[in-house]
Amino acid sequence: MVWRETGIMDERLGFVGDCLEGEETMTALCAAYGISRKTGYKWLGRYRALGPEGLVDLPRAPLAHGRATAAELVARIVAEKEAHPLWGPKKVLARLKRGAPQLGWPVASTVGEILKRHGLVGRRRRRWRPAGGGSFAPAAGPNAVWSGDYKGWFRTRDGRRCEPLTVMDVSSRFALALEACTRPAEEEAWPVFVRLFAEHGLPERFRSDNGSPFAAAGVTGLTPLSVRFIKLGIGLERISPGKPQQNGRHERFHLTMLPLAAAPEADRAAQQAAFDAFRSSYNEERPHEALDMEVPAAQYRPSPRRLPDRLPEPDYPAEAAVRRVRSNGEIKWNGGLVHVSATLAGEAVAIEESEDGAWKLRFHAHPLGIIDKKTMRLVRPSALQPRPAGAGADISSEGGEV
């Protein structure tokens, strides 16, 4: 089977984006796009191996032309595409219909043919690979889950490194931030989040990968940034390598903004101006198929959870044993010392005994792990489960989720 008549590159990018979101099975997506499962797996595999460059080969089957379209409508279609070069035929058509619903607009496939005839269906040249994914509860509404990541770095025309920090609301796809940072670092990231929290309120959970500044190696995986999130009552979700579909909405956003990195601006200030313009268009103008061709700004609303004036102290129950983490990351417990994390130096953590007698350690509401009574080491709960015969030792996967 072949792809539909809409711009081939747009169809393939849309198909890959839907696969990354992981909301439909491969069978259902292939049926929706009118292709065989073999073709679907082929293009998904090429994207994972080569990035967008793997999608550029056109099928050999000829495309049928639609019926003639009035010259005035053709001119409007071409002008809309030129104003929004990153949009595909469906989004161009949705935007035009919203502005002038009384006109007899052609179907999306015809719009795609018109854009092709005018040389407006371009290639995406820069290669970029998606990150991995894990399994999480769905986002029930705006601010249930925010996701954050750093897109692959590039250089502005003055030779300076730019590594964009992107933050979005998972439910509404509203792009909260697109910052021209120089590197993934606490000192650049935290001021961005302070601004976002002050403007939009606090999310319930925050999803990220296991890289800096969101996570670190070690049993707890905590960084100064994630400690601040925990103290604000934000739950942490960390994706696992190899399953990009569970963070597919964020990866799809990165795919959409890919041409910005392929055509860098003169310097960081100019790049930030380009990022701001793109984010505004993405949120307020660009129709989104997953939102029934609505724009993210129409779906998003601020969180009722406001940013406090100061980071709160934990409120542990009276029966919990509270210990202050020393400067070297250790706590004193049961006559000995247990290493927790130097990142938590000076912070109060709580030890609570479960019904089965395990010593569970937590920081605010965030579980840190279990104190192994035999070794007096902090481990993840999975490390205490019996392993199959022949399985290798795996007390903890550095940088993973507790």
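Overview of values
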| quantity | calculated |
| --- | --- |
| Radius of gyration and maximum dimension Dmax of the range 126-237, Cα, Å | 14.1, 43 |
| Loop-exposed GluC sites (Glu not before Pro) per DSSP, neighbour cap 12 Cβ within 10 angstrom, longest uninterrupted part of the chain | 1-318 |
| Options Pro314, Pro304, Leu337, ranked by Cα towards positive dipole end of the range 239-367, top entry (Cβ charges) | Leu337 |
| Column: log10 I(q)/I(0), Debye, Cα scatterers of the range 321-384, q = 0.15, 0.17, 0.19 Å⁻¹ | -0.39, -0.51, -0.64 |
| Cα-based Kirkwood hydrodynamic radius, the range 145-299, one decimal, Å | 16.1 Å |
| Per-residue HN-Hα couplings for the range 214-222 [Karplus 6.51, -1.76, 1.60; θ = phi - 60°; Hz; x = Gly/Pro] | 7, 8, 9, 5, x, 4, 7, x, 8 |
| Only Lys, Arg (+1) and Asp, Glu (-1) charged, at Cβ; the chain dipole about Cα centre in debye | 1140 debye |
| Cα-derived Rg over Rh, computed across the chain with Rh taken as Kirkwood radius | 1.04 |
| Top positive-direction residue, dipole computed over the chain with Cβ charges, set Pro184, Ala49, Gly119 | Gly119 |
| The range 289-346, Cα convex hull volume normalised per residue, Å³ | 200 Å³ |
| Shape call, the range 8-117: gyration tensor on alpha carbons, a/c limit 1.5 | prolate |
| The chain - percent relative contact order, Cα under 8 Å, separation 6 or more | 16 percent |
| Sequence-distant residues sharing a close amide H with Glu294 (under 5 Å, placed H) | His288 |
| Label-to-label distance, nm, for residues given as Ala358 and Arg305 (7 Å Cα→Cβ offset) | 2.5 nm |
| Gaussian network model of the chain, springs between alpha carbon atoms under 10 Å - residue of Leu344, Leu311, Leu255 with greatest fluctuation | Leu311 |
| Selected from Leu120, Leu368, Leu86 as most flexible by GNM, with the chain as the system and alpha-carbon contacts under 10 Å | Leu120 |
| Under 5 Å, built H, 5+ apart or other chain: amide partners of Arg207 | Trp146, Ser147, Gly148, Glu237 |
| Highest-MSF residue in the chain out of Pro317, Pro367, Pro308 [GNM, Cα springs under 10 Å] | Pro317 |
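Read-outs: derived from the displayed coordinates by stated rules, not from any lab. Note that the coordinates shown come from a computational prediction; the quantities given were computed from them, not determined experimentally. Every residue, glycine as well, gets a Cβ built from its backbone with ideal geometry; the counts of neighbours run over all protein chains shown.
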